[in-house]
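The values are calculated or read from the model by the stated rules, or taken from the named source; none is laboratory data. Just so it is clear, the structure is predicted and the values come from calculations on it, not from any experiment. Using ideal geometry, Cβ is built from the backbone for each residue, glycine included, and neighbour counts are taken over all protein chains shown. These area figures cover heavy atoms from the full protein model, side chains too; ligands, DNA and RNA do not enter into them. Shrake-Rupley method; radii C 1.70, N 1.55, O 1.52, S 1.80 Å.
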Amino acid sequence: MAVHDGFQPVKSAGRTLEVLEALAAAPERQSLGDLARLLEIPKSSLHGILRTMTQRGWVETDPTGTRFGLGVRALQVGAAYLTADNAVSLLDAVLDGLARQFGETVHLGRLDGPHVVYLAKRESVHPLRLYSAIGRQLPAHATALGKALLAEHPDDTVERVLTWPLRRMTRHTIDDPDALRAALAEIRERGYAVDREENTEGIVCVAMAMPLRRPATDAISLSIPTARVDAAVEARIVEALRNAAGQIRSAGALINS
């Protein structure tokens with residue numbers, strides 16, 4: 001493990017966090033062998049970690065006791081994070097207003113390294129809509145939320161943050177470095193980002209960074225099936241997002257990082 005400023009990370013604590021992160025990223029419960037191979041931790045050590053975490057409610061097992069997933073304690077801590085987060089509470093009314101105005105899926109996302117994470121959402125009123133979940137993590141370069149926030153930084157910072165080569169989510173994903181630089185330059189100039197089926201086929205997203213921090217770490221997006229979006233709808237969304245950002249600036253609601 002890397003040492004920064006003379007600090008030596010605690011190995012056992014690091015392994016415990018690695019287990020939590022692996023279980024959070026897995027689409028289904030994992031076996032002891034799966035986790036041992038993924039994390040490169042000896043089964044004997046990993047078994048002790050998992051038993052301790054299960055006893056404390058951080059991990060749950062299936063009826064056979066051989067497959068592991070996140071426990072209810074992880075949900076409680078995640079919910080506490082959102083409850084205490086100033087950005088979520090400050091932007092609650094904005095999300096509600098956009099959802100009422102457009103009837104489409106609204107997301108609040110935060111940049112987290114090369115990813116964007118959903119912090120809050122409002123569901124679309126339509127049966128045909130984007131599936132998403134609070135806490136879901138997506139590649140920043142492939143989402144309107146992520147691109148709006150990456151554009152808050154200079155290109156050299158973006159290149160250090162992202163994981164190369166860029167992952168292709170759909171055939172529309174921008175994975176060429178020069179094309180991404182050009183897209184971010186355009187976002188900086190016009191003030192908003194658009195994801196045209198770059199993360200999910202059939203879905204267009206429009207997003208704008210919210211000026212709660214400098215540089216912004218949070219953005220709001222609306223996600224709409226391609227069948228319901230045209231230039232006029234996109235223009236209305238951009239205007240609504242600009243109004244929201246303007247209200248935040250006028251209120252002086254700057255959060256200290």
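Points to keep in mind about this one:
- The candidates R15, R188, arranged from most to least accessible area with a 1.4 Å probe in the full protein assembly, appear as R188, R15.
- Length-normalised contact order of the chain in % [C-alpha pairs under 8 Å, at least 6 apart]: 14
- Tilt relative to the chain, helix 86-102 - C-alpha long axis, 0 to 90 degrees, to 10: 50
- Taking every protein chain into account, the accessible area of region 14-158 amounts to 51 square angstrom per residue (probe 1.4 Å).
- Straight Cα distances below 29 angstrom link K11 to the lysines K43, with same-chain residues fewer than 8 positions distant left out.
- Peptide ranges 241-249, 197-205 listed from the most packed, as the mean C-beta count within 10 angstrom indicates: 197-205, 241-249
- Relative packing of peptides 48-54, 228-234 - highest average C-beta neighbours within 10 Å first: 48-54, 228-234
- Pairwise centroid distance, computed over Cα atoms, of region 100-123 with region 125-163, Å: 9
- Using the 1.4 Å probe convention, the accessible area of region 204-247 works out to 38 Å² per residue with neighbouring protein chains retained.
- Taking amide H atoms as placed 1.01 Å from N in the peptide plane, the amide H of D112 lies under 5 Å from those of V117, each 5 or more residues away in sequence or on another chain.
- Area accessible to solvent at D195, 1.4 Å probe radius, in Å²: 10
- Accessible area of region 110-174 belonging to carbon and sulfur atoms, whole % at 1.4 Å probe: 53
- Rolling a 1.4 angstrom probe over region 3-49 with all protein chains present gives an accessible area of which 55% lies on carbon and sulfur atoms.
- Pairwise centroid distance, computed over Cα atoms, of region 63-79 with region 193-257, Å: 33
- If you sort L39, L150 by accessible surface, 1.4 Å probe, largest first, the order is L39, L150.
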